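K.L.:
This is the structure I want to talk about, given as structure tokens.
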Amino acid sequence: MEDSLIMALRTTLGDDLVRTGDLIPARNWADASGLEPTAPTALVLPRSSVEVAAALTLCKAHGRPVVPQGGMTGLAGGAHPLDGEIAISLERMVGIKEVNLLGGTITALAGTSLQMVQEAAEDAGFLLGIDFGSRGSCTVGGAVATNAGGNQVLRYGMTRANVRGLEAVLADGRIVSTPGKMLKNNTGYDWTQLFIGSEGTLGIITEVTFALHPLPQSIDSALVKVGDTAAALALLGALGKRLPAGLLVFEAMWKEFYDIATDTMGLIAPIAADDGVFLLIEAPNTGDDGLLEALSACLETGLILDAVIARSNADRASFWKLRESVYEHGRHFPPIIGFDISIPLERMEAAVDTLRRNIGKNFPGAPWVVFGHLADCNLHVNVMAEQTGPQTRKAVADTIYGVVAEFGGSVSAEHGIGRLKAPYLGLTRSPPELALMRDIKRTLDPYNILNPGRIFAADGP
């Protein structure tokens with residue numbers, strides 16, 4: 001027999017919005033973190049914030065924990081169900097509510113894919129300053145809840161820098177909203193910023209208003225090879241001085257990554273795949289030879305070893321195919337144990353050298369790669385060890401996060417904390433900071449029903 005909460009959910013929302021047992025699709029059993037799939041006790045599929053509020057009100061009254069779900073692309077276990085949880089998926093809350101041409105904003109329901117919002121912005125002659133590889137399947141609510149980063153952080157900042165307004169539902173069912181139509185609204189606490197990056201632990205985001213940016217008329221793109229990490233950072237500084245319009249992209253692929261893309265996967269190598277660091281660099285075309293001229297000057301000084309400039313959209317797409325080849329690694333290697341870390345730029349060279357040394361020593365023979373959005377301090381590290389059980393995952397995590405701690409970095413640059421990184425949060429946040437976070441959690445969710453066990457390692461808030 002169904003328990004009283006599920007009966008109440010069915011009575012309030014209707015049978016078509018509440019699923020149990022075999023009617024819960026497999027996609028709602030697991031996110032992309034690699035954790036063992038777990039069926040939620042029930043799946044709720046609201047179509048509006050009012051229905052989200054009704055579901056949360058009932059869950060609070062019955063003291064039942066809730067896991068919010070979106071595109072299920074998260075890598076930290078934030079949307080992965082735990083036993084006994086009610087999954088509230090926003091997959092039916094899809095659509096663009098408004099494009100404000102004069103104010104330069106776009107408003108979308110939280111279950112809308114990032115790509116759909118990007119395309120709507122472009123159709124209106126604007127650019128959304130958020131982009132990452134899962135654009136077609138991730139949702140904007142999830143992007144905001146994790147404060148996702150991606151390829152354009154250097155130019156437009158993290159997701160939080162692009163959010164103008166939010167609607168969210170609190171643990172007790174209250175709906176709070178700020179429309180975000182005005183660039184300036186300096187009236188007390190900015191609660192929206194508190195919800196960005198909270199991973200569903202303070203409330204469920206149901207609607208987002210983003211600020212939009214002018215759409216570049218064209219983009220200059222180049223694939224560049226430099227000798228090492230120090231040279232890559234030196235080039236970043238040199239280009240920053242030479243390009244007043246700024247860079248859009250500065251993506252780094254170290255030798256191990258580039259070798260897999262060109263040798264194992266057979267992608268075209270525009271530049272010889274020998275030792276070095278390979279950089280995908282993009283800048284807005286300002287009508288002159290800005291990026292080309294800047295790269296030529298750096299080539300003459302010896303800072304750049306080789307470079308290829310995109311002469312067509314096909315050339316540019318081939319550069320991005322190299323960078324995004326990581327999404328196909330699963331076809332060629334054992335399951336991936338992935339990490340998303342930040343390291344201060346001034347310590348980046350030593351940190352990469354230490355990663356190379358420690359991974360090689362602790363996991364001899366295991367393929368591994370380091371790559372990422374170097375200019376904003378973000379590295380991605382993937383280790384493809386033959387054994388991927390809990391002990392191996394912990395050993396790899398201890399190795400990577402040991403380097404993070406040694407060099408004063410962050411255990412999460414852009415993917416959130418979820419369940420997987422919660423035990424390591426203390427490496428990045430001080431005890432007073434953690435205590436403040438827990439105080440905020442207790443204030444907004446005193447019964448600890450919203451995504452318990454995420455961000456904080458302990459069960460309680």
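The values are calculated or read from the model by the stated rules, or taken from the named source; none is laboratory data. Given the structure is predicted, the values throughout are model-derived calculations rather than measurements. Methodologically, a virtual Cβ is constructed for each residue, glycine included, from the backbone with ideal geometry; neighbour enumeration extends over all protein chains shown. Accessible surface is based on the protein model in full, side chains and every heavy atom, while ligands, DNA and RNA are left aside. Shrake-Rupley method; radii C 1.70, N 1.55, O 1.52, S 1.80 Å.
K.L.:
Shape call for segment 16-97 from the C-alpha gyration tensor, a ≥ b ≥ c root eigenvalues: rounded (a/c under 1.5), prolate (a/b greater than b/c) or oblate?
P.N.:
Oblate shape, in that a/c is at least 1.5 and b/c is the bigger or equal ratio.
K.L.:
If you don't mind, another one. Could you state the angle between the C-alpha long axis of helix 49-62 and the longest principal axis of the C-alpha atoms of the chain, as a value from 0 to 90 degrees rounded to the nearest 10?
P.N.:
Approximately 60 degrees, to the nearest 10.
K.L.:
Another one. Note the full-extension length gain between ILE268 and ASP315 as 0.36 nm times their separation in residues minus their Cα-Cα distance, in nm to one decimal.
P.N.:
This chain segment gains 15.9 nm when fully extended.
K.L.:
Let me check against my output: what whole-number percent is the relative contact order of the chain, with C-alpha pairs under 8 Å and at least 6 apart?
P.N.:
15 percent
K.L.:
Sequence neighbours fewer than 8 away in the same chain don't count; with that in mind, list the lysines whose C-alpha is under 29 Å from LYS255.
P.N.:
By straight Cα distance, LYS255 reaches LYS225, LYS241, LYS321, LYS361, LYS394, LYS421.
K.L.:
Sorted from largest down, what three extents in whole angstroms do the Cα atoms of segment 61-162 have along their principal axes?
P.N.:
Taking the Cα atoms of segment 61-162, the three principal extents are 46, 27, 21 Å.
K.L.:
OK, next. Rounded to the nearest 500 deg cm²/dmol, what is the calculated helix-only ellipticity per residue at 222 nm for the chain, with -39500 (n - 2.57) per DSSP H run of length n ≥ 4?
P.N.:
Computed mean residue ellipticity for the chain: -9000 deg cm²/dmol.
K.L.:
Net charge within 11 Å of GLY104 by Cβ-Cβ distance, Lys/Arg positive one each and Asp/Glu negative one each, not counting GLY104 itself?
P.N.:
+2
K.L.:
Can you give me the angle between helix 390-406 and the longest principal axis of the chain, using Cα atoms only, in degrees from 0 to 90, rounded to the nearest 10?
P.N.:
Computed tilt is about 60 degrees.
K.L.:
In segment 95-240, what is the volume of the convex hull around the alpha carbon atoms, normalised per residue and reported in Å³?
P.N.:
Normalising the Cα hull of segment 95-240 by residue number yields 147 Å³.
K.L.:
Starting from the Cα of LYS184, draw a straight line to each of the lysines and keep only those under 23 Å, dropping any in the same chain fewer than 8 residues away.
P.N.:
Leaving aside lysines fewer than 8 places away in the same chain, those within reach of LYS184 are LYS97.
K.L.:
Skip the ligands, DNA and RNA, and give the accessible area per residue of the chain with a 1.4 Å probe, whole Å².
P.N.:
Computed with neighbouring chains in place, this is 43 Å² per residue.
K.L.:
Something else: Treating only the Cα positions of segment 244-331 as identical point scatterers, give the base-10 log of I(q)/I(0) from the Debye formula at each q in 0.14, 0.25 Å⁻¹.
P.N.:
-0.53, -1.42
K.L.:
At a probe size of 1.4 Å, how large is the accessible area of ARG47, to the nearest 10 Å²?
P.N.:
Result for ARG47: roughly 120 Å² accessible.
K.L.:
Separate question: Of the accessible area of segment 125-234, with the probe set at 1.4 angstrom, what percent is carbon plus sulfur?
P.N.:
Answer for segment 125-234 is 54 percent, counting heavy atoms of protein chains only.
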